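Values quoted throughout were computed directly from the atomic coordinates according to the rules given, and no laboratory measurement underlies them. Given the structure is predicted, the values throughout are model-derived calculations rather than measurements. Cβ: placed from backbone, ideal geometry, glycine included. Neighbour counts: every protein chain shown.
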Amino acid sequence: MRITSKEALELLKSGVVESDDELQEARNKWVLHSICVGDTARIIAYAFGIDEDYAAALGYIHDIGRKISHPRHAIEGYHYMVQNGYPEEASICLTHSFIDNNIHLVAGGEVEEGETKEFIKGYLGSRELSLYDNIIQICDLMCLPEGVTTLEKRLLDIYSRKGIHSNTPAHYQNAIGLKEKLETMLGCSLYSLFDDMKEEDINSAAKDAEAIETMIRDNRVSILKK
Ligand SMILES: [Fe+2]
């Protein structure tokens, strides 16, 4: 049976926050981000007419490996979910960071060579990309701890923190491509689904995109042409 969003939220919080007051502590920002990803995925999945409770559950648990380790959160999250009896749901812990399940399309530079990379590569290659994967990937790139925002604002935040790497131009172009693909499928703008998205964020999306492109240029990696 699929995990419910209620079970996923309980699993996310267990051993991390005892009361919701603790969610405001700096160390728990990732939990707030995870809640935002689940809530955002629920709305997008509803628009697609697919199982919105399952999409929310996957959003809540996508970063659950951060309970164990931040740098190794993808693989640790996968093992944690398998150990807790959710082998199918465990996949989102590995797929969420890689646009279209492509191991090269990850923020913060390519995954370091080694056993873990080989495992992730093999795993991604063995799975068929699902709409749930794509939804969580875009939600991860639209959710700050403070709530849902534009892809542009969130990417600016990510690239400012994680830096510009050789694969950043491809990551950026494919993130934009993923948003456009989902919007074409839906027949509407993703941003129009969210009443709580700040107007100032939407209005500054073009400016944020320009700032990203300048950052990439300044780091001397060229924007790849589509
Ligand atoms: Fe995340």
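Below, the figures for the structure above:
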read-out: All positions within the stretch 125-151 that are over 15 Å from ILE50 (Cα atoms) and in contact (Cβ under 8 Å) with a residue 60 or more places away in the chain; value: ILE138, CYS139, ASP140, MET142, CYS143, LEU144, PRO145, GLU146, GLY147, VAL148
read-out: Near pairs, Cβ below 9 angstrom, 6+ apart or cross-chain, from the stretch 64-82 (on the phi > 0 side of the Ramachandran plot) to any residue that is surrounded by fewer than 19 Cβ atoms within 10 Å (Cβ to Cβ) and not β-branched (Val, Ile, Thr); value: none
read-out: Hey, ASP195 of a type outside the set (Lys, Arg), exposed (fewer than 15 other Cβ atoms within 10 Å of the Cβ) and in a loop (DSSP other than H, G, I, E, B) or not; value: yes
read-out: Every residue from the stretch 69-104 that is within 15 Å of the ligand (Cβ to nearest atom) and hydrophobic (A, V, I, L, M, F, W, C); value: ALA74, ILE75, MET81, ILE92, CYS93, LEU94, PHE98, ILE99
read-out: Of all residues in the stretch 48-68 being within 13 Å of the ligand (Cβ to nearest atom) and β-branched (Val, Ile, Thr), the one that is surrounded by the fewest Cβ atoms within 10 Å (Cβ to Cβ); value: ILE64
read-out: Top-ranked residue in the stretch 1-47 [being surrounded by fewer than 14 Cβ atoms within 10 Å (Cβ to Cβ) and among the hydroxyl-bearing types (Ser, Thr, Tyr); ranked as farthest from the ligand (Cβ to nearest atom)]; value: SER19
read-out: Qualifying position, being more than 11 Å from the chain's Cα centre (by Cα) and in a helix (DSSP H, G or I), among GLU128, GLU89, GLU110, GLU152; value: GLU152
